[in-house]
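First up is the structure itself, then whatever we jot down about it.
Only the coordinates and a few stated rules stand behind these numbers; no lab work does. The structure presented is a predicted model; accordingly, all values stated were derived computationally and were not measured. Here Cβ is always computed from backbone atoms with ideal geometry, including for glycine, and neighbour counts include all displayed protein chains.
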Amino acid sequence: MSGALLANHRRVAPFGLQGGSAGAVGTGSIRRATGEIEHLGATARFDVAPGDELTIETPGGGGYGPLK
């Protein structure tokens, strides 16, 4: 299978508002059938073969307002 990833917030976390904390950044990787792990950038084109495992973790949203 061929695929492409076009994603934001892989290096810069989603911002919070009104004193809320930033969210978590996202990641993408492919664990090849050989055990090798290939990390994907914010924009990537990739091929996966039988036995490969594609993982995409989306970024978390930033918080709103201070903790009480």
- Task: Any chance you could run the full-extension gain for residue 46 through residue 13? It's 0.36 nm times the residue separation minus the Cα-Cα distance, nm to one decimal.
- Result: 9.5 nm
- Message: When the expected Rg is taken as 2.2 N^0.38 Å, what fraction or multiple of it is the alpha-carbon Rg of the chain?
- Response: 1.41
- Message: Using the basic label-point model (7 angstrom from Cα toward the beta carbon), what is the residue 64 to residue 32 distance in nanometres?
- Response: 4.5 nm
